[in-house]
1. Quick one: in the range 215-233, which of the residues that are of a type in the set (Ser, Thr, Tyr) and surrounded by fewer than 18 Cβ atoms within 10 Å (Cβ to Cβ) is farthest from residue 91 (Cα to Cα)?
2. Do we find that residue 253 is outside any helix (DSSP H, G or I), modelled with pLDDT of 95 or more, surrounded by fewer than 22 Cβ atoms within 10 Å (Cβ to Cβ) and not aromatic (Phe, Trp, Tyr) in this structure?
3. Within the range 169-187, can you find the residues that are closer than 23 Å to residue 256 by Cα and crowded, with 22+ Cβ neighbours inside 10 Å?
4. Out of the residues in the range 2-50 that are touching a residue at least 40 places away in the same chain (Cβ under 8 Å), among the polar types (S, T, N, Q) and surrounded by 15 or more Cβ atoms within 10 Å (Cβ to Cβ), which is farthest from residue 114 (Cα to Cα)?
5. Among the residues of the range 186-231, how many are modelled with pLDDT under 95 and either under 16 Å from the mean Cα position of the chain (by Cα) or over 30 Å from residue 71 (Cα atoms) (or both)?
6. Confirm whether residue 260 is surrounded by fewer than 14 Cβ atoms within 10 Å (Cβ to Cβ), in contact with a helix residue (DSSP H, G or I) (Cβ under 9 Å, 6 or more places away or on another chain), in contact (Cβ under 8 Å) with a residue 40 or more places away in the chain and not hydroxyl-bearing (Ser, Thr, Tyr).
7. Which is within 26 Å of residue 36 (Cβ to Cβ), surrounded by fewer than 24 Cβ atoms within 10 Å (Cβ to Cβ) and either in contact (Cβ under 8 Å) with a residue 12 or more places away in the chain or not acidic (Asp, Glu) (or both), of 101, 157?
Amino acid sequence: MTTIADVALNILNATNVDDKTKLTHHGFTEWLNGNLSFQFNQTAPKRPGRPEKPELLSPKEMPKRRGASGNTARIAMLHAIAHIELNAIDLAWDIILRFGKSMPIEFTNDWIKVADDEARHFELLNNRLMDLDSYYGALPAHDGLWQSAEKTSHDLKARLAVVPLVFEARGLDVTPSLIQKFRSSNDKKSVAALEIIYREEVDHVKAGNNWFNYVCNLENLNPQTTYHTLVKKYFARHLKSPFNKEARDKASLAESFYLPLSAN
């Protein structure tokens, strides 16, 4: 029987974005149907496969994005979000392959569901880009998210603290204003896609929070102080306010976790 690790490695190594999303959906279905064994016979690669485009830049090199009033600006914003979602597919498979062996099977259940969601999110955004006569890869993108993944590749607590509980939680903060910008431009299709993403990302942050607390409790660590230590070490920046308290509360992410790390 094919293993969950075989599937994860195949998806991580895929260089074509359509292959990566289709293989993710197929892997999710096969897992639900009991056709994949819970075995870890593969090792996670340092970096996932990527298409030749987009060109990857450092965050400081990225051009500034403006409002969503014109097609060019909307394409730039959708492209940036699509890039995040593509990274999120690989991050979900990477956390399964890298850390799943030492965790309960429910850990894999959660992250394979996240991977399937992220693949669907990427497809929604790339389809919208094509509606606007563009595509994923047409613009440069930054490599900051995967750089953070590499820094936390040795420590599950650090990975959970930085990826779902900093980066994805930040998505909950900024997405409502993005939705409003697209709504102001009467871009109903983009609004619909972003609303789906926003709603489902709450569950992703919640999964990250639940497993972060699980690992801390397993190691007799205080989750709050451990989070503060790990974010300062691996994120190395203050968290940006304002915070979307309503969405973060739905994700069970308490203010005592993030407010002490705020720049304000």
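1. In the first step, residues of the range 215-233 are kept if they are of a type in the set (Ser, Thr, Tyr); the result is 225-227, 229.
Retained after the next criterion (residues that are surrounded by fewer than 18 Cβ atoms within 10 Å (Cβ to Cβ)): 225, 229.
Numbers: 225: 25, 229: 22 Å.
This residue is 225.
2. On the way: outside any helix (DSSP H, G or I): yes; modelled with pLDDT of 95 or more: yes; surrounded by fewer than 22 Cβ atoms within 10 Å (Cβ to Cβ): no; not aromatic (Phe, Trp, Tyr): yes.
So residue 253 fails the test.
3. Within the range 169-187, 169, 171, 172 meet the criteria.
4. 42
5. Count: 0.
6. Taking the combined requirement at face value, the residue does not satisfy it.
7. 101
Per-residue answers, yes or no, for (1) closer than 17 Å to residue 146 by Cβ; (2) outside any helix (DSSP H, G or I):
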residue: 10; (1), (2): no, no
residue: 15; (1), (2): yes, yes
residue: 21; (1), (2): no, no
residue: 25; (1), (2): no, no
residue: 28; (1), (2): no, no
residue: 40; (1), (2): no, yes
residue: 45; (1), (2): yes, yes
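The values are calculated or read from the model by the stated rules, or taken from the named source; none is laboratory data. Bear in mind that the values here come from a model prediction, so they are computed numbers and not experimental data. Methodologically, a virtual Cβ is constructed for each residue, glycine included, from the backbone with ideal geometry; neighbour enumeration extends over all protein chains shown.
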